[in-house]
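The values are calculated or read from the model by the stated rules, or taken from the named source; none is laboratory data. All values reported here derive from a predicted model rather than from experimental measurement. All Cβ positions, even for glycine, are placed from backbone atoms using ideal geometry, and neighbour counts span all protein chains on display. Protein only, heavy atoms only, side chains kept; ligands, DNA and RNA dropped before computing areas. Shrake-Rupley method; radii C 1.70, N 1.55, O 1.52, S 1.80 Å.
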Amino acid sequence: QEGTPINKATLFADAMGTRYGLPDATPSKGFEMLVKEWSVSVPKSGWSSSKTNGWYTNRITVSGMKAVFNPIATLVITSASVVDDEQFAFASIKEIETFDGYIICRSTDVPSTSINIKLTGV
């Protein structure tokens, strides 16, 4: 509703803190999570050997990850000599789902190389 002020008591209530995975529901904790980053290795050898529901999957432990986070994933290029392989492998990952303490990458094809990704924000 236009003109309705934000209710800080509701916005930063325990329920909202739980929804967004904040240790305590305060504005400072919320902003802290907006700039949270994780560096993650997605190993070539970690992919499932067969598809489940149409996906190959790779489960990666990520300390501090919460199921409610929806970080933006970007590729970390390791060198110019493998950039094409790394970009191809990253492009094959169609979905990344977050869980408490880990992520699951899903792909319709098993990537042919290991890659490093950066997860940013919530």
(request) Quick one: count up the residues across the range 57-83 that are more than 20 Å from Ser45 (Cα to Cα) and open to solvent by 70 Å² or more (accessible area, probe 1.4 Å). (result) 6
(message) Can you tell me which condition Gly17 does not meet? The list is (1) open to solvent by 30 Å² or more (accessible area, probe 1.4 Å); (2) at pLDDT below 90; (3) touching a helix residue (DSSP H, G or I) at 6+ places or on another chain (Cβ under 9 Å); (4) outside any loop (DSSP other than H, G, I, E, B), and all the others hold.
(response) (1)
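Going through the range 95-104 one residue at a time, which ones are open to solvent by 40 Å² or more (accessible area, probe 1.4 Å) and touching a strand residue (DSSP E or B) at 6+ places or on another chain (Cβ under 7 Å)?
Within the range 95-104, Glu95, Ile96, Glu97, Tyr102 meet the criteria.
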(request) Give the residue, chosen from Ser112, Ser92, Ser107, that is in contact (Cβ under 8 Å) with a residue 60 or more places away in the chain, more than 9 Å from the chain's Cα centre (by Cα), open to solvent by less than 60 Å² (accessible area, probe 1.4 Å) and under 19 Å from Ser45 (Cα atoms). (result) Ser107
(message) Of everything in the range 35-56, what is in a strand (DSSP E or B) and open to solvent by less than 90 Å² (accessible area, probe 1.4 Å)? Give them in sequence order.
(response) Trp38, Val40, Ser41, Val42, Thr52, Trp55, Tyr56
(message) Which residue is nearest to Ser63 (Cα to Cα), if the candidates are limited to the range 88-104 and must be outside any helix (DSSP H, G or I) and touching a Pro at 6+ places or on another chain (Cβ under 9 Å)?
(response) Ile103
(request) Being within 11 Å of the chain's Cα centre (by Cα) and either farther than 13 Å from Ser39 by Cβ or not small (Gly, Ala, Ser) (or both) is the filter here, so list the residues in the range 62-89 that pass it. (result) Val62, Met65, Lys66, Ala67, Val68, Phe69, Asn70, Pro71, Ile72, Thr74
